[in-house]
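Asker: Questions regarding the structure given below will be posed in turn.
The values are calculated or read from the model by the stated rules, or taken from the named source; none is laboratory data. Keep in mind the model is a prediction, meaning the values are calculated, not measured. Note: ideal-geometry Cβ built from the backbone for every residue, glycine included; neighbour counts use all protein chains shown. The area values use the complete protein model at the heavy-atom level, side chains included, leaving out ligands, DNA and RNA. Shrake-Rupley method; radii C 1.70, N 1.55, O 1.52, S 1.80 Å.
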Amino acid sequence: MCSSDLADDILASALADAGPLPAKQRVSDWQALARCARDFDGYRGQALDGVRSGNEFDVNGKKVAVVESDEKRFVYRFQGKNRACERAKIPAGIVLAIVEAWFDARPANHLYLGAWHATKPEPDLGRAREQWEAAEQGGIEAGPLLRLLDDPVLLAAVPGEDADDAMAP
């Protein structure tokens with residue numbers, strides 16, 4: 001069983017056992033985040049499949065050129081040097097640049113980008129909020145995801161963020 005299937009099973013069980021409406025809504029919000037994060041992973045794979053030698057991406061104002069890319073390995077040129085890594089370990093800034101270039105202008109894409117920012121190893125909830133608000137401005141419902149920005153479980157995952165302080169009045 002893959003981790004996304006396990007997450008789906010756990011969330012489905014939690015929803016069934018949630019009890020009153022506020023608890024059910026919270027679990028449902030987490031299910032929305034899990035769906036968007038899983039969708040981002042799929043889009044990430046598709047975007048990486050489309051990368052070709054010679055493609056260039058702007059990463060934090062600096063150019064990154066793709067030298068070689070396949071299912072296992074990614075070689076890129078950055079600041080005059082070639083660097084290689086496993087495809088699964090491509091630096092986050094490069095992955096984001098590739099996916100953003102691959103996405104079209106549909107507002108729903110902001111849901112997936114926000115989910116990536118919220119669920120990456122060092123979450124950036126400010127950028128997640130920006131993406132989800134952009135989705136809403138484009139007419140896409142992002143309320144369940146936006147509510148999670150105040151969830152103590154998500155806040156606890158942010159380095160230096162104290163969930164108790166963030167929840168204080």
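Asker: Give the number of residues within segment 112-157 that are in a helix (DSSP H, G or I), open to solvent by less than 20 Å² (accessible area, probe 1.4 Å) and hydrophobic (A, V, I, L, M, F, W, C).
Answerer: Qualifying residue count, segment 112-157: 10.
Asker: In addition: So which of Phe103, Phe78 is of a type in the set (Phe, Trp, Tyr) and in contact with a strand residue (DSSP E or B) (Cβ under 6 Å, 6 or more places away or on another chain)?
Answerer: Residue meeting the stated conditions: Phe78.
Asker: Filter segment 67-83 down to the residues that are without any contact (Cβ under 8 Å) to a residue 12 or more places away in the chain and surrounded by 11 or more Cβ atoms within 10 Å (Cβ to Cβ) and list them by number.
Answerer: Correct list: Val75, Arg83.
Asker: Answer yes or no as to whether Val64 is in contact with a helix residue (DSSP H, G or I) (Cβ under 9 Å, 6 or more places away or on another chain), crowded, with 19+ Cβ neighbours inside 10 Å and over 20 Å from Arg38 (Cα atoms).
Answerer: Answer is yes for this residue.
Asker: A further question on this structure: Can you tell me which residue within segment 84-100, out of those that are farther than 18 Å from Ala37 by Cβ and in contact with an Asp or Glu (Cβ under 9 Å, 6 or more places away or on another chain), is surrounded by the most Cβ atoms within 10 Å (Cβ to Cβ)?
Answerer: Ala97
Asker: Let me confirm something: among Asp58, Asp49, which residue is without any contact (Cβ under 8 Å) to a residue 12 or more places away in the chain and open to solvent by 70 Å² or more (accessible area, probe 1.4 Å)?
Answerer: Asp49
Asker: Every residue in segment 57-93 that is part of a strand (DSSP E or B) and acidic (Asp, Glu), please.
Answerer: Asp58, Glu68, Glu86
Asker: Kindly indicate whether Asp5 is at negative phi, assigned to a helix (DSSP H, G or I), among the charged types (D, E, K, R) and at pLDDT below 95.
Answerer: Criteria met by Asp5.
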